[in-house]
Amino acid sequence: RSPEACRHISPNNMVKYMRVNLRVPGWAQPGQVIEASADGKKFSVQIPAYLRPGQFFTVRVPMGGGESKAPAVAPPEVSFNLEPNIVIGNDKYFKEVKKCQDWCDCSRLCCPYVKFSGKSQDVAVKHQCCCLPCCCDFEVSSTAAGSDDFKTLGTLAPAGCCDQNCTAVFCPCCYTGPKMQAKFLGADGGLKYMLKANIECCQYCCLCLTCFSPCFRCCRFCCMDAQYTRYEQNVYGPDLNNDEVYAKIIYTDRMVCPCVPDERIQMRIEPAEGKSISKEDLILLSVFPTLISGYTMAEFCFPLHVPGGMSYALPTPTGISQVDGANNIQFEHMNIKEALANRKQDDMY
């Protein structure tokens with residue numbers, strides 16, 4: 001049975017169809033007929049001859065009532081996904097547009113929030129108190145679609161002094177080792193995941209070479225044809241001194257011009273090899289790219305960017321190898337063909 005990726009309903013000549021995105025199973029051959037299901041409706045469909053295992057295709061499945069036809073491969077279409085959304089597994093969540101009364105509600109101005117709505121579940125990110133951005137954190141919760149009974153999944157908070165090793169607090173100039181930067185707390189307040197840096201002796205000695213960064217960027221853009229950069233940031237477990245990686249935050253940046261900052265075209269989170277992360281934990285981890293994406297700037301501008309705010313505790317790729325290396329962020333420069341090949345490889349999983 002081929003897994004379903006997404007679905008939506010559209011009318012066509014008074015006959016309702018369900019558009020289902022299917023993925024070619026690894027065992028299937030081009031032209032083979034496979035069994036699939038969507039919304040409890042089972043159907044058979046023939047795999048197009050030009051597709052290979054792991055690739056996606058769309059079929060139009062007739063729904064109950066009206067004319068009865070066999071599922072057919074949908075014709076090619078053009079789509080541009082420009083809306084702010086989060087995709088977690090096979091579920092997509094769209095950012096809700098706030099109403100006038102929401103913006104005028106003083107209590108919601110003090111505790112700003114962003115809500116993402118899905119087909120069966122809604123996700124909300126809320127700052128606990130905008131008046132005390134240094135003392136309060138970002139809370140993640142979820143509820144069934146259409147319900148206001150939210151369940152707390154966890155919290156994203158900056159690291160405190162009690163989270164660090166003693167030497168890092170009392171003798172920071174002589175300290176080498178791990179340093180927690182941000183922490184993901186569970187619903188019970190216990191530490192689940194963290195972002196951390198590795199402090200090493202003299203690791204910033206070559207930082208002066210940053211003044212040559214414009215030359216390096218021009219060389220990449222004009223001579224090396226490497227306008228794309230892929231970053232991988234490690235997410236660790238609850239033990240500060242354990243280097244076991246539980247997940248990776250992956251960024252893809254594109255250089256439009258050597259003289260302007262790179263534009264970010266994709267962010268995603270995936271479990272590390274051999275690790276399994278629950279959907280609730282993926283929703284909790286998703287608060288990190290949500291805050292740095294820019295889509296929540298209108299709601300969280302003040303608590304994020306006020307001195308001591310959350311943005312100072314969120315390490316993101318800078319393009320400076322010494323800084324990114326200290327923040328456990330690896331990078332790889334690519335040209336457009338390598339970037340597309342990498343994207344296709346990611347889509348195979």
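Numbers below:
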quantity	calculated
Odd one out for residue 282, checked against (1) open to solvent by less than 20 Å² (accessible area, probe 1.4 Å); (2) at pLDDT 90 or above; (3) not in a strand (DSSP E or B)	(1)
Residues (farther than 15 Å from residue 291 by Cα, polar (S, T, N, Q) and over 19 Å from the mean Cα position of the chain (by Cα)) located in segment 85-131	101, 107, 120
In segment 210-248, the residues that are polar (S, T, N, Q) and under 27 Å from residue 168 (Cα atoms)	210, 233, 234, 241, 242
Which listed residue, of 275, 248, is under 22 Å from residue 158 (Cβ atoms) and of a type in the set (Lys, Arg)	248
Qualifying positions in segment 305-341 - at pLDDT below 85, open to solvent by less than 30 Å² (accessible area, probe 1.4 Å) and part of a helix (DSSP H, G or I)	310, 313, 339
Residue within segment 205-221 that is open to solvent by less than 90 Å² (accessible area, probe 1.4 Å), in contact (Cβ under 8 Å) with a residue 60 or more places away in the chain, outside any helix (DSSP H, G or I) and within 21 Å of residue 314 (Cβ to Cβ) present	no
Listing of strands (runs of 3 or more DSSP E) fully contained in segment 1-94 that carry 2 or more residues being surrounded by 11 or more Cβ atoms within 10 Å (Cβ to Cβ), out of contact with any strand residue (DSSP E or B) (no Cβ under 9 Å at 6 or more places or on another chain) and modelled with pLDDT of 60 or more	none
Residue tally, condition open to solvent by less than 60 Å² (accessible area, probe 1.4 Å) and either in contact with a strand residue (DSSP E or B) (Cβ under 9 Å, 6 or more places away or on another chain) or closer than 28 Å to residue 179 by Cβ (or both), over segment 239-266	12
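The values are calculated or read from the model by the stated rules, or taken from the named source; none is laboratory data. Here the structure is a predicted model, which means the values were calculated and not measured. As a convention, Cβ positions derive from the backbone with ideal geometry for all residues, glycine included, and neighbour counts pool all protein chains shown. Each accessible area value is taken on the protein alone, full model and side chains, heavy atoms only, with ligands, DNA and RNA left out. Shrake-Rupley method; radii C 1.70, N 1.55, O 1.52, S 1.80 Å.
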